[in-house]
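Trainee: Mind having a look at this structure? Questions to follow.
The numbers here are math on the coordinates, done by the rules we state, and not lab data. Keep in mind it's a predicted model, so treat the numbers as computed, not measured. Glycine also receives a Cβ, built like all others from the backbone with ideal geometry; neighbour counts cover every protein chain displayed.
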Amino acid sequence: MHDTVIRGGTIVDGTGTASYIGDIALEDGKIAQVGGKAGPVKREIDANGLLVTPGWVDVHTHYDGQATWDPVLAPSSWHGVTTILFGNCGVGFAPVRNEDHSSLIGMMESIEEIPGIALADGLKWNWETFPQYLDALDEMPRAIDIAAQIPHHPLRVYVMGDRAINREAATADDIASMRDAVKQGLKAGAFGFTTSRTNSHKTPDGSMVPGRYSEVDELLGIGSAFKGMSYGAFGVNSDFDDETEELKWMTKFGQDTGRPVWFLLTDRPTDKVRWKRLMDGVTRPAPKAPWSQPRSPAVRSVSCWESIRHSILFPSGRAIRLC
Ligand SMILES: [Zn+2]
């Protein structure tokens, strides 16, 4: 007898085959049957008229704050997401010193539109380092799986203070300290490290984020933390001011460390073949460099007309918002 049967749903099994109607049976917490008619069962779930699919893995979210207080992680879990990755775009809440709590909240609100009032209410700040942040995340059972990345901007402020906020170049000592912190974070279970080099990310006063103009020495120096690791990826959100140079250092990171580097493949209405040039950089230059799959967050630009940021990135969005 099966433990659970999801009965009569429209199954989209993720293999690329057309959907079909059937049962899914579970035994001992594992899928025992997909399709067909399942036999006797202790618990039955009627899925007639509903889609039954594998769980979604959302590789770009900003749940860094909510994940510390919300075991349900709505709305992602409501939508069928079973694993989320956060700490993208170089923003997050660790490492952090007491005096920087509100500026990290402001940066998250300004860049990712997560209301600062909710973050200020929910964050307990019972951590300083990234490993301590992971411990805080571990304190509750969850509806879905999570993976956290070490964000560059808080790390830069943690190590360099006001010099990071003023976007000064990192010294060799700064770079070594950031590299060591990333290494510790990776060893404690971080999924990876992210940075952002885009003008669309600004602090509440309109300034560029601390890592916007980080030099290649800093990026590769921090990236050297991945040497010898058997897991972990380096994520980048970039305007690609100089596409050749950006692709060059990312390729070098992959060759130096053997770890994947990924970037957001975003579209530009004013440059319709940009994505093709960037994809060329992924597939052409260095077979030894392990590139992961680029992705596009452009769909979000039309997901919310109340948005203060994403919908105004495009002329059509601006026109509608002005109506
Ligand atoms: Zn992001």
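Trainee: For a protection proxy built on the mean count of beta-carbon atoms within 10 angstrom, sort 225-234, 192-201 highest first, please. Provide the component values of the computation, followed by the final result.
Mentor: Numbers: 225-234: 17.5, 192-201: 22.8.
In descending order of packing, they fall as 192-201, 225-234.
Trainee: Roughly speaking, what is the stretch gain from residue 163 to residue 27, that is 0.36 nm per residue apart minus the C-alpha to C-alpha distance, in nm to one decimal?
Mentor: Extending this stretch completely gives an extra 43.3 nm.
Trainee: Could you point to the residue in 107, 71, 182 farthest towards the positive end of the stretch 35-182's charge dipole, with +1 and -1 charges on the Cβ of Lys/Arg and Asp/Glu respectively?
Mentor: 71
Trainee: Quick one: pull the percentage of alpha-carbon pairs in the chain with a separation above 31 Å. Working shown, then result.
Mentor: On the way: 20261 of 52003 pairs.
Summing the P(r) tail past 31 Å for the chain gives 39 percent.
Trainee: Rg and Dmax in Å for the stretch 9-48, alpha carbons only: what are they?
Mentor: 10.5, 31
Trainee: Related question: Return the single residue from 244, 17, 270 with maximal mean-square fluctuation; model: Gaussian network over the chain, springs between Cα atoms under 10 Å.
Mentor: 17
Trainee: For the ranges 118-124, 5-11, what's the packing order if you count other beta-carbon atoms within 10 Å of each residue, average per peptide, and put the highest first?
Mentor: On the way: 118-124: 14.6, 5-11: 20.3.
The packing order, highest mean first, is 5-11, 118-124.
Trainee: Moving on to the next point. Which lysines, if any, have their Cα less than 23 Å from the Cα of residue 272, not counting same-chain residues under 8 positions apart?
Mentor: Candidates past the 8-residue exclusion: 248.
Trainee: Ranking request for peptides 104-111, 49-56, 275-282, 126-133: highest mean number of other beta-carbon atoms within 10 Å first, then the rest in descending order.
Mentor: On the way: 104-111: 22.1, 49-56: 13.5, 275-282: 15.0, 126-133: 18.9.
Packing proxy ranking, top to bottom: 104-111, 126-133, 275-282, 49-56.
Trainee: Under a 10 Å cutoff between Cα atoms, tell me which one of 15, 82, 203 has the largest fluctuation in the Gaussian network model of the chain.
Mentor: Looking only at 15, 82, 203, the biggest GNM fluctuation is shown by 15.
Trainee: Okay, next question. Say we join alpha carbon atoms closer than 10 Å with springs in a Gaussian network model of the chain; which of 224, 214, 103 then has the biggest fluctuation?
Mentor: With Cα springs under 10 Å in the chain, the top fluctuation among 224, 214, 103 is at 103.
Trainee: Would you kindly compute the Cα radius of gyration of the stretch 155-239 and its largest Cα-Cα separation (Dmax), both in Å?
Mentor: For the stretch 155-239, the Cα radius of gyration and maximum Cα-Cα distance read 12.7, 40 Å.
Trainee: Span-like helices, the chain: DSSP H, alpha-carbon axial extent 15 Å or more, mean Kyte-Doolittle -0.5 or greater, which ones? Please list the in-between numbers first.
Mentor: Details: long enough: 101-112 (16 Å, 0.30); 172-188 (24 Å, -0.35); 243-257 (21 Å, -1.35).
Long hydrophobic helices here: 101-112, 172-188.
Trainee: So, one more: Just the number, please: Stokes-Einstein D of the stretch 201-273 in µm²/s, Kirkwood Rh from C-alpha pairs, 10 °C, 1.306 mPa s. Spell out each step's value before the answer.
Mentor: On the way: Rh = 13.7 Å.
Translational diffusion coefficient: 116 µm²/s.
Trainee: Turning to a different aspect of this structure: Using R₀ = 22 Å, calculate the FRET efficiency as 1/(1 + (r/R₀)^6) where r is the Cβ-Cβ separation of residue 18 and residue 276; round to 0.05.
Mentor: So the FRET efficiency works out to roughly 0.10.
Trainee: Can I ask one more? Quick one: putting +1 on the C-beta of Lys and Arg, -1 on the C-beta of Asp and Glu, what dipole do you get for the chain around its Cα centre, in Debye to the nearest 20? If you can, show how the numbers build up before the last one.
Mentor: Details: 33 positive and 41 negative charges, 192 e Å.
The calculated dipole for the chain is roughly 920 debye.
Trainee: Quick one: compute a quarter of the convex hull surface over the Cα atoms of the stretch 1-124 and quote it in nm².
Mentor: Numbers: hull surface 40.8 nm².
The number I arrive at for the stretch 1-124 is 10.2 nm².
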